[in-house]
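Throughout, read-outs are computed from the coordinates displayed, never taken from laboratory work. Keep in mind that what you see is a predicted model, and the values were worked out from it rather than measured. Cβ: placed from backbone, ideal geometry, glycine included. Neighbour counts: every protein chain shown.
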Amino acid sequence: MATAVSNSLPTWDALLTAAHAWQFCPGELRAATVRDRWLSRLSRDERARYRQLPTEKMREGYLAGRVLCRATLSRYTAVDPSRWRFGEDVYGKPTVVAPDDFKSIRFNLTHTGDLTICIVTRAGEVGVDAEETSQTVDVSTVARHFFSRTAQARLARLPSRERAARFFEQWVLKEACVKALGKGLAYAPERLTVEQDDRGEPAANGRFQFSLYRPSSNHVAAAAVLRRHRVAQVSIYWWTVSAESFEAIVEAQRDTKRTDSVRRS
């Protein structure tokens, strides 16, 4: 399954024609010192939401998403991770409220088990989804409720082992697409069919571009970008990131502030 996995350093301007997906293992935040340090960088509402969650696993996943989102946005902007403020549009899709200079960035999050992904772009609306493929699913029943008749027929023609793999691919592609559209339950997922070739590669559809990626042997992830009208092509890249690199981002913002202070003096 082909996809773009990049080792080059990302930049703010690169996001005009690219989408960058960053994957992270939530377990890296389990150490109390690391966890408390990043909790202090969340907003008051986010910390309250964290404390209200009933299980440690849910709190870990929530914190991972908030940390990954803030650190990823700061990677491109030299903004301290604690300064980001978020809101929602009329359909509940998360948006950047502040700082004002960076409201053009679009982002989306997904979390499943021991995997969290944040995708960012300035090329259009974006969505990302991931699933654990080791879980047992009644493919026929779920497809009947959520897949188009065309997609159901194609699944039914596949051998059983291929059917399960293709089901998860179609599921994450559709979910990423719905999240990029940003209409939530107002858009019926059974209306969507994402075409895939014999190798499983998703085909572009109008202004939509897709990418499938396997973060591990037990996961499949998909990204969907609804390109702005003036954007001809979007490259979708996938990276793996660590908690250690988050601290490097924070230190980089401090260095920038110190340099600016010296220049002003």
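Structure notes:
- Candidate aspartates and glutamates for bridging to residue 93, where Cα separation is under 19 Å - those fewer than 8 sequence places away on the same chain excluded: 45, 46, 125, 129, 175
- Largest-first principal axis extents, alpha carbons of segment 15-258, Å: 61, 43, 31
- Our coupling estimate for segment 119-124, obtained by passing each phi through the Karplus curve with A = 6.51, B = -1.76, C = 1.60 and θ = phi - 60°, is 10, 9, 6, 10, 8, x Hz, Gly and Pro reported as x.
- Summarising the amide proton neighbourhood of residue 195: residues at separation of 5 or more, or on other chains, whose placed amide H is nearer than 5 Å comprise 203.
- Scanning residues 5 or more positions from residue 133 or on other chains, those with amide H under 5 Å from its amide H are 219, 220, with H placed 1.01 Å from N in the peptide plane.
- Mean separation of Cα contacts under 8 Å (6+ apart) over length of the chain, as relative contact order %: 27 percent
- Over all other residues within a Cβ to Cβ distance under 11 Å of residue 20, the charged ones net out to +2, with Lys and Arg as +1 and Asp and Glu as -1.
- Estimated 222 nm signal from helices in the chain, with DSSP H stretches of n ≥ 4 weighted -39500 (n - 2.57), rounded to 500: -12000 deg cm²/dmol
- Computed from backbone phi with θ = phi - 60° and the Karplus coefficients 6.51, -1.76 and 1.60, the 3J(HN,Hα) list for segment 222-227 is 9, 10, 10, 10, 9, 5 Hz; x is used for glycine and proline.
- Seen from residue 203, the other residues with C-beta closer than 10 Å to its C-beta sum to a net charge of -3, counting Lys and Arg as +1 and Asp and Glu as -1.
- Proximal charge balance of residue 227 [Cβ under 13 Å; K/R count +1, D/E count -1]: +4
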